[in-house]
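*Asks:* The structure is given below, and queries will be raised subsequently.
Read-outs throughout are calculated quantities, based only on the coordinates presented, and are distinct from any laboratory measurement. Here the structure is a predicted model, which means the values were calculated and not measured. Note that we place each Cβ from the backbone using ideal geometry, even for glycine, and neighbour counts take in every protein chain shown.
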Amino acid sequence: MIPILNDKPKYEMTIPSTGSSVRFRPYLVKEEKVLMMAFESKDEKASLRAVIDTIKSCVDDDINTDKLHLFDVEYMFTKIRGKSTGEIVELSVPCESCEQTSEISVNIDDVKIKGDMKVNSNIVLNDEISIDMDWPLYNKMIANDKINDSASEVEQLIELICECIISINTADDVILVKDEPKEQLVRFVESMTSDQFTKVKDYLDKMPVCEVNHKFKCPHCGHDNELNIRNISDFF
């Protein structure tokens with residue numbers, strides 16, 4: 001029987017939102033082929049699905065990908081990518097002073113999660129109503145066409161907020177929104193005052209982000225640059 005190469009986990013990483021350690025292997029040619037086809041198709045949803053499918057294939061431990069947050073997936077995929085095709089990525093970056101472009105080498109294994117995991121997720125809207133929220137889940141994000149299409153920024157924000165609300169709490173009841181019609185939840189969000197809406201938006205603005213920090217001196221003008229890369233797709 002012809003053997004199968006490289007199918008055993010070699011590395012460990014920690015899922016940021018849970019602190020759980022999982023074992024993983026680099027992605028293989030079969031997974032890289034699917035990733036490249038998805039990225040080359042320019043189909044954003046297909047690319048996002050290819051990322052989560054790669055994590056499923058490469059992580060040896062039993063994980064529920066439906067419970068992974070956006071920053072979990074970005075962090076885990078970056079770690080897998082680094083062990084698969086190399087930690088060093090070449091990028092073309094403009095200097096923040098002279099704006100001339102330089103070629104720099106970034107180690108993506110330096111990826112970190114920036115932000116507080118323990119931000120209060122209970123938001124008081126008035127004396128009678130509060131809501132409990134969670135950071136956006138990756139699979140919900142890619143399944144929601146209104147978040148991924150050409151809807152206006154405020155429409156996308158409302159959809160994102162709806163995806164993040166877990167329950168609506170009144171003096172008499174705790175309403176689990178997963179059991180309620182989506183249209184009613186949208187109406188609830190749209191009925192907020194500007195101050196209430198800002199409170200909810202502030203929670204989302206504090207969401208942990210996947211980031212690589214890199215410092216470099218511009219070869220053209222000598223300026224010391226500090227680069228914080230949060231759009232992890234730049235690496236792929």
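*Asks:* With the crude spin-label approximation of a point 7 Å out along Cα→Cβ, what separation in nm comes out for residue 120 versus residue 166?
*Replies:* With each label point 7 Å from Cα toward Cβ, the separation is 1.6 nm.
*Asks:* Moving on to the next point. Between their Cα atoms, which of 140/178; 79/112; 56/206; 10/83; 10/114; 33/56 are more than 18 Å away from each other?
*Replies:* Working: 140/178 12 Å; 79/112 10 Å; 56/206 28 Å; 10/83 9 Å; 10/114 26 Å; 33/56 15 Å.
In this structure, 56/206; 10/114 lie more than 18 Å apart at Cα.
*Asks:* Taking +1 at the Cβ of each Lys and Arg and -1 at the Cβ of each Asp and Glu, which of 175, 111, 68 sits farthest along the dipole of the chain towards its positive end, judged by Cα position relative to the Cα centre?
*Replies:* It is 111, whose Cα lies furthest towards the positive end.
*Asks:* Compute, for the chain, the length of the dipole vector about the Cα centre, with Cβ point charges of +1 (Lys, Arg) and -1 (Asp, Glu) only. Units Debye, rounded to 20.
*Replies:* Details: 28 positive and 45 negative charges, 199 e Å.
Here the chain has a charge dipole of around 960 debye.
*Asks:* Now, a different point. Which GluC sites (Glu not before Pro) in the stretch 116-220 sit in a loop by DSSP (not H, G, I, E or B) and have at most 16 other Cβ atoms within 10 Å of their own Cβ?
*Replies:* Working: sites: 128, 153, 155, 159, 163, 183, 190, 211; in loops: 128.
Answer by residue number: 128.
*Asks:* Can I ask one more? R0 = 45 Å: FRET efficiency of residue 49 with residue 98, Cβ-based, nearest 0.05? Write down the numbers at each step before the final one.
*Replies:* On the way: r = 41 Å, r/R0 = 0.90.
So the FRET efficiency works out to roughly 0.65.
*Asks:* Right, another one. Along its principal axes, what span do the Cα atoms of the stretch 3-129 show, with the longest given first and each in whole Å?
*Replies:* Here the spans come out as 62, 51, 29 Å, largest first.
*Asks:* Something else now. Using a basic spin-label model with each label point 7 Å from the Cα along Cα→Cβ, how many nm lie between residue 145 and residue 11?
*Replies:* Each label point is offset 7 Å from its Cα along the Cβ direction, giving 3.7 nm.
*Asks:* Add +1 for every Lys or Arg and -1 for every Asp or Glu among the other residues with Cβ under 10 Å from the Cβ of residue 218, and state the total.
*Replies:* On the way: positive: 217; negative: 96, 99, 224.
Residues close to residue 218 contribute a combined charge of -2.
*Asks:* Would you mind checking which residues have amide H under 5 Å from residue 60's amide H? H placed 1.01 Å from N; only 5 or more apart, or other chain.
*Replies:* Excluding prolines and chain starts, which carry no amide H, the hits are 23, 24, 25.
*Asks:* Averaged over all directions, how much area does the convex hull of the C-alpha atoms of the chain cover when projected, in nm²? All intermediate terms of the calculation are to be shown ahead of the outcome.
*Replies:* Details: hull surface 67.2 nm².
The directionally averaged projection comes out at 16.8 nm².
*Asks:* Tell me, what is the FRET efficiency for residue 178 and residue 28 to the nearest 0.05, using R0 = 35 angstrom and their Cβ-Cβ distance as r? Walk me through the numbers before you get to the answer.
*Replies:* Working: r = 36 Å, r/R0 = 1.04.
It comes to 0.45.
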